[in-house]
1. Kindly rank 16-25, 153-162 from highest to lowest mean number of other beta carbons found within 10 Å of each residue.
2. Eigenvalues of the Cα gyration tensor times 5, then square-rooted: what semi-axes does that give for the range 129-264, in whole angstrom, largest first?
3. What accessible area per residue comes out for the range 2-120, rounded to a whole number of Å², with a 1.4 Å probe?
4. Among DSSP beta bridges whose residues both lie in the chain, state the antiparallel percentage, nearest 5.
5. Can you classify the range 2-120 as rounded, prolate or oblate using the Cα gyration tensor, where a ≥ b ≥ c are the square roots of its eigenvalues, rounded means a/c under 1.5, and otherwise it's prolate if a/b beats b/c and oblate if not?
6. Just the number, please: carbon plus sulfur as a percent of the accessible area of the range 2-120, 1.4 Å probe, no ligands or DNA/RNA counted.
7. Give the residue from ASN252, LEU119, ILE338 lying farthest towards the positive end of the charge dipole for the chain; charges sit on Cβ (+1 for Lys and Arg, -1 for Asp and Glu) and the dipole is referred to the Cα centre.
8. Using a basic spin-label model with each label point 7 Å from the Cα along Cα→Cβ, how many nm lie between TYR293 and LEU315?
Amino acid sequence: MKTILVIEDVPTMRANIAEILQLAPYQVVQAANGKEGIERARQTRPDLILCDIRMPDLDGYGVLHILRKDPDLATVPFIFLTALAEAADFRVGMNLGADDYLTKPFDDISLLGAVELRLKKGPVLATDAVVSSDRLTNLRQAILEENNASQSLCDYYPTTQFNRKHRLYAFGSWPTSVYFISQGKGKLVKIDASGNQYITKLIGPGDFVGYQALLTQGPYTDTAELLEDSLVCTIPSVDIKALLDHQPVVANRLSQKLAIEVANLQEKLLKGAYQSVRKRVAEALLLVQRTFYPQPNASLPEGHMPSDRSHNQSLPMSLSRENWADLVGASTETVIRILGDLRADGLIEINGSQITLLDIDKLINLKR
């Protein structure tokens, strides 16, 4: 049984963490402050350390600094527990050798997921050895879209079946992982001060999610939520950072992806400002079709679909009215009315929550 040392000065928080870990089950050793934590670490030689940052006398930074100087404990994985939300504090911890962060408040899934990831990785290795591992080689190839590596990526990282509406991460939280969608569908959402939602991107199989925050070294600027039950691979941020630091080609590729996403979002916002709602609804319908329900001949350029009627229809597409409204950037009532108009025009068919595009060519021309 793996032993985990929990260093936390708040008794209720420490007890809650210990209870969750013991149920997993792990052997848990507790320490109420930094000095006691160092003593317990030297006595028990734990497999993993969870440590709060803000503690009296000796804070988490001091604990990490001392342990990284101890030859017997230098390679023990170390996760900070923090309620802080400033980039400077996170960079200090990483520079000292922290392996991961958990931002309070966190739930039991986040806690156990972070612990499982770190224990699976094992003791901290020298950076060069980590970068040359099979795991990171596969991750590098998946990001660069080489050798169909993404198909086997989840063989190297924990993979979880999440339910519909599960949030992979939320706006304002700090990145501890990057997510790879193996199966399923999701969305990236921005929410304004009034609670209005706007879908900025649809995500599906083969997409990496959450790497933008690592590139900008800041918190998440959006929320990632699943649209259906999905199979998701969780990649610890330390692995991505290792590649970013030592593989410039990976940094360039992710920067290119980010630049494309920004350009697409800017184009979408521009269309939202000048296009009619009817055209925006058509655009949304075609976007969902291209992203989630591509035609067998989807390699043809957009607007060059064959004239044969059977190839000019989509598969039935399922999305809630609220999600259609968030994708269009209009009220639900307005979007429902426009969808009704398009059905009356014979461009789409509506059956409950399913929409089938009956004439893709006409919808393409309509959006222009």
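The values are calculated or read from the model by the stated rules, or taken from the named source; none is laboratory data. Given the structure is predicted, the values throughout are model-derived calculations rather than measurements. Don't worry about glycine lacking a Cβ; one is built from the backbone with ideal geometry, like all the others, and counts go over all protein chains shown. Only protein heavy atoms, including side chains, enter the accessible area calculation; ligands, DNA and RNA are left aside. Shrake-Rupley method; radii C 1.70, N 1.55, O 1.52, S 1.80 Å.
1. Details: 16-25: 15.2, 153-162: 17.1.
Final packing ranking: 153-162, 16-25.
2. On the way: eigenvalues 117, 60, 34 Å².
The three semi-axes for the range 129-264 are 24, 17, 13 Å.
3. 45 Å²
4. Around 65 percent antiparallel, to the nearest 5.
5. rounded
6. 50 percent
7. Positive-end residue among those listed: ILE338.
8. Distance between label points: 0.9 nm.
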